[in-house]
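K.L.:
The following block contains the structure, expressed as structure tokens.
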Amino acid sequence: MLYPIMTESRNLTDLSGVWKFYLDDETKKVDVTKPLETNEIMAVPGSFNDQAVFSKIRNHAGTVWYERNFSIHKKLLDQRIVLRFGSVTHKAVVYINGKYVAEHQGGFTPFEVEINDFIISEKNRITVAVNNILDHTTLPVGNYIERKNEEGKIIRKVDENFDFFNYAGIHRPVKIYTTPKEYIKDIIITYDVEGNRARIYTDVKTIGDFDQVKVTILDKEWKEVSYSVGEKTENVVENLKFWQPMNAYLYTARVETYKDGELVDIYEEPFGIRTIEVKKGKFLINGKPFYFKGFGKHEDTYINGRGLNEAANVLDLNLFKWIGANSFRTSHYPYSEEMMRLADQQGIVVIDEVPAVGLYEGFGFNFNIEEEKANTWDRMGTKEAHEQVIKELIDRDKNYACVVMWSIANEPASHEKGAYEYFKPLVKLVKDLDPQKRPTTIVNIMMATPDKDLVYNLIDVISLNRYYGWYVQTGDLKAAEEALRKELKEWEKICPNKPIVFTELGADTISGFHAIDDIPFTEEYQVRYYQTNHKVFDEFKNVVGEQVWNFADFETKVGIQRVQGNKKGIFNRAREPKMISHVMRKRWINIPNFDYKK
């Protein structure tokens with residue numbers, strides 16, 4: 001799927017702004033043939049939860065409605081007109097002028113629909129029903145409950161089976177773009193590298209009958225370096241400039257289609273060239289051992305909630321540069337295309353994760369669940385949703401150089417019977433669909449120790465979420481150090497040729513809490529917690545990265561384990577540094593991106 005841009009042949013309109021909003025309490029049926037009867041408003045993009053203030057909206061489970069008017073310039077009515085949503089969390093049903101046009105399940109990937117048959121030359125009205133219900137068939141997984149009150153009204157509730165707030169709404173931009181009736185549908189870019197020379201293969205998908213498809217490769221200065229003709233082409237680039245971590249170089253593939261000598265459609269796709277290989281316990285980028293320094297993070301800011309906040313994205317990546325980070329994981333769902341494009345431009349390495357979180361019956365903070373009572377893979381009906389989001393994510397992100405690995409799930413019950421059978425076809429699906437054949441991982445939960453995990457042989461990289469010294473051995477860092485070292489020895493024994501990345505570790509820390517002793521929640525304890533982990537990491541050659549949990553404090557559901565959310569951030573939610581940020585900066589600036597452990 002191509003990101004919407006404006007070119008000589010394409011027009012673009014952004015529908016971001018203030019929309020009408022209606023909370024559906026199910027007391028009366030919404031008539032989509034008429035304008036919404038409401039005085040409520042809501043900003044798009046953005047979560048409705050925090051904007052609304054009132055509890056009945058913030059904690060609403062079920063459907064809400066958005067609506068706005070739009071017009072199409074009359075000169076564009078003979079073009080193909082497409083309505084595109086960056087994401088709607090978690091289900092959208094879309095109407096134009098009272099007529100159903102499309103629906104989409106899944107809150108973190110884009111969808112679009114041609115609307116020529118539904119619009120008029122005057123004012124048009126778009127109405128969107130947004131539903132935030134999650135259950136055991138959706139990703140993420142939620143525990144859905146409904147009951148009737150005394151009046152017989154259905155009361156709905158979603159108990160998140162994951163540790164972040166179930167923000168909902170129209171979270172990413174809504175755009176209308178146009179193309180010619182015959183157009184470029186998609187562009188797939190792959191390449192082979194031979195020294196400082198690359199063969200670039202472009203596979204252009206078109207709709208229509210063209211006399212010629214021309215592909216021109218442009219360098220960063222917009223100078224032509226190669227061109228070829230055909231829907232499937234090969235271009236050679238000499239004196240190759242690699243896309244490097246923290247030193248991005250992007251080429252552009254300009255694709256033009258012609259008919260009867262006239263230019264019909266044009267699209268420009270930026271891309272970087274880099275190689276990835278997993279070999280002898282190393283993760284190689286451009287042939288050199290790479291060390292991941294960075295974070296798990298969330299799309300989570302004040303007021304916007306999970307809604308796109310481009311200023312926050314820029315700030316976050318500048319904080320990455322300050323602290324010496326080079327990477328992040330899109331925990332626990334695909335991030336906005338705007339963030340991915342920013343990472344591509346800035347040289348930030350990304351582990352791209354689907355929203356497969358909560359694949360664990362009775363998720364909580366108790367790491368001593370009796371295994372004989374667990375039956376996650378009998379209860380979950382997420383296979384169809386999992387396949388769908390893998391297809392949609394790879395379709396969206398396939399050309400990004402910043403994406404170096406696919407994460408197929410976060411903390412599933414991979415130690416329970418049925419896990420291997422569930423994940424084997426999903427790993428194959430990723431391998432089959434990804435044109436660049438990137439490595440895969442499944443992020444491992446603490447209970448899935450080396451002697452119990454059932455899926456490690458399916459994946460290329462071992463990704464560990466470990467909380468020794470926090471959820472277990474709490475306050476006892478000596479015992480935590482010993483336990484972590486013991487487990488890593490076991491992983492290296494059974495997987496000697498697989499690199500290990502720590503994708504989560506952390507300790508909740510309240511800014512301004514201090515103590516001399518090892519007292520959890522204090523800034524000093526967070527520092528000593530990380531120093532203990534770092535000491536062990538540096539002892540193992542196969543440990544090739546540390547992405548700490550979390551970049552910044554973030555909102556969660558209400559619970560006595562949380563103090564206005566999860567406080568494991570290196571920065572607080574306002575992006576102010578905690579004491580640990582300075583310690584981390586000193587460590588990471590002194591760790592090179594490459595060849596840290598030769």
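Read-outs: derived from the displayed coordinates by stated rules, not from any lab. This structure is a prediction, so every number in the text was calculated from the model and none was measured. Cβ: placed from backbone, ideal geometry, glycine included. Neighbour counts: every protein chain shown.
K.L.:
Report the charge-dipole magnitude of the chain in Debye, nearest 20, computed about the Cα centre from +1 at each Lys and Arg Cβ and -1 at each Asp and Glu Cβ.
P.N.:
Numbers: 81 positive and 89 negative charges, 176 e Å.
So the dipole magnitude of the chain works out to roughly 840 debye.
K.L.:
With no solvent and one point per C-alpha, what does the Debye sum give as log10 I(q)/I(0) for the range 183-271 at q = 0.13, 0.22 Å⁻¹?
P.N.:
Values, matching the q order: -0.42, -1.05.
K.L.:
Along the principal axes of its C-alpha atoms, what lengths does the chain span, in descending order and rounded to whole Å?
P.N.:
So the three principal-axis extents are 73, 73, 44 Å.
K.L.:
Could you give each residue of the range 85-92 its phi-based ³J(HN,Hα) in whole Hz, using Karplus coefficients 6.51, -1.76, 1.60 with θ = phi - 60°, and x for Gly or Pro?
P.N.:
So the J values, rounded to whole Hz, are 10, x, 5, 10, 9, 10, 9, 10.
K.L.:
First select every other residue whose beta carbon is under 15 angstrom from the beta carbon of residue 126; then total the charges, Lys and Arg +1, Asp and Glu -1.
P.N.:
Every neighbour counted, the sum reads +1.
K.L.:
As a footprinting exposure proxy, order 337, 268 by other Cβ within 10 Å, with the fewest listed first. Spell out each step's value before the answer.
P.N.:
Details: 337 21, 268 15.
Taking fewest neighbouring Cβ atoms as first place, the list is 268, 337.
K.L.:
I would also like to ask the following. Sort out for me the Cα centre separation of the range 141-219 from the range 109-139, rounded to whole Å.
P.N.:
Between the Cα centres of the range 141-219 and the range 109-139 lies a distance of 14 Å.
K.L.:
How far apart, in nm, are the 7 Å Cα→Cβ label points at residue 597 and residue 311?
P.N.:
Distance between the two pseudo-spin positions: 4.1 nm.
K.L.:
Expressed as a whole number of Å, what is the distance separating the alpha-carbon centroids of the range 477-541 and the range 340-364?
P.N.:
Each part reduced to its Cα centre gives a spacing of 22 Å.
K.L.:
Next question, about the same structure. Quick one: grab the alpha carbon gyration tensor of the range 289-365, order the square roots of its eigenvalues as a ≥ b ≥ c, and give me rounded if a/c is under 1.5, else prolate or oblate depending on whether a/b is larger than b/c. If you can, show how the numbers build up before the last one.
P.N.:
Details: a/c = 1.88, a/b = 1.30, b/c = 1.44.
Oblate, since a/c reaches 1.5 and b/c is not below a/b.
K.L.:
Amide H of residue 227 versus every other amide H placed in the peptide plane: which residues, excluding those fewer than 5 positions away on the same chain, fall under 5 Å?
P.N.:
Long-range HN contacts for residue 227: 217.
K.L.:
Below 13 angstrom from the Cβ of residue 5, what's the summed charge of the other residues (Lys, Arg +1; Asp, Glu -1)? Walk me through the numbers before you get to the answer.
P.N.:
On the way: positive: 10, 84, 175, 254, 341; negative: 8, 14, 265, 268, 269, 337, 338.
That works out to -2.
K.L.:
Moving to a separate point now. Quickly work out the residue 449-to-residue 534 label distance, labels modelled 7 Å from Cα along the C-beta direction, and quote it in nm with one decimal.
P.N.:
Calculated label separation equals 2.8 nm.
K.L.:
What are the ³J(HN,Hα) couplings of the range 406-416, residue after residue, when phi is run through the Karplus curve with 6.51, -1.76, 1.60 and θ = phi - 60°? Round to Hz, x for glycine and proline.
P.N.:
In residue order, the calculated couplings are 9, 9, 8, 6, 10, 6, x, 7, 7, 9, 9 Hz.
K.L.:
Could you pull out every one of the lysines with an alpha carbon less than 16 Å from that of residue 232, ignoring same-chain neighbours closer than 8 positions?
P.N.:
Candidates past the 8-residue exclusion: 185, 205, 214.
K.L.:
Still on this structure, I have one more. Regarding the range 67-167, what is the average projected area of its C-alpha convex hull, in nm²?
P.N.:
Numbers: hull surface 33.4 nm².
Result: a mean projected hull area of 8.4 nm².
K.L.:
So which chymotrypsin sites (Phe, Trp or Tyr not before Pro) in the range 140-239 are both in a DSSP loop and have at most 13 other Cβ atoms within 10 Å of their Cβ? Provide the component values of the computation, followed by the final result.
P.N.:
Values: sites: 144, 162, 164, 165, 167, 177, 183, 191, 201, 210, 222, 227; in loops: 162, 164, 165, 167, 210, 222.
Those satisfying the criteria are 222.
K.L.:
A further question follows. With θ set to phi - 60° and the Karplus curve 6.51 cos²θ - 1.76 cosθ + 1.60, what are the ³J(HN,Hα) couplings of the range 585-598 in order, to the nearest whole Hz, using x for Gly and Pro?
P.N.:
Residue by residue, the range 585-598 yields 4, 4, 5, 5, 5, 8, 9, x, 5, 10, 6, 5, 10, 6 Hz.
K.L.:
Let me ask you something else. Which chymotrypsin sites (Phe, Trp or Tyr not before Pro) in the range 51-121 sit in a loop by DSSP (not H, G, I, E or B) and have at most 14 other Cβ atoms within 10 Å of their own Cβ? Walk me through the intermediate numbers first.
P.N.:
Numbers: sites: 54, 65, 66, 70, 85, 95, 100, 108, 111, 118; in loops: 54, 108, 118.
When the chymotrypsin sites (Phe, Trp or Tyr not before Pro) of the range 51-121 are filtered for loop state and at most 14 Cβ neighbours within 10 Å, 54 remain.
K.L.:
Based solely on C-alpha atoms, express the radius of gyration and the Dmax of the range 276-589 in angstrom.
P.N.:
For the range 276-589, the Cα-based Rg and Dmax read 18.4, 54 Å.
K.L.:
Still on this structure, I have one more. Provide the gained length on full extension for the span residue 221 to residue 185, in nm with one decimal, where the gain is 0.36 nm per separating residue minus the Cα-Cα distance.
P.N.:
10.3 nm
K.L.:
Count the DSSP beta bridges whose two residues both fall in the chain, then state the antiparallel fraction as a percent rounded to the nearest 5.
P.N.:
Numbers: 101 of 132 bridges.
The answer is about 75 percent antiparallel.
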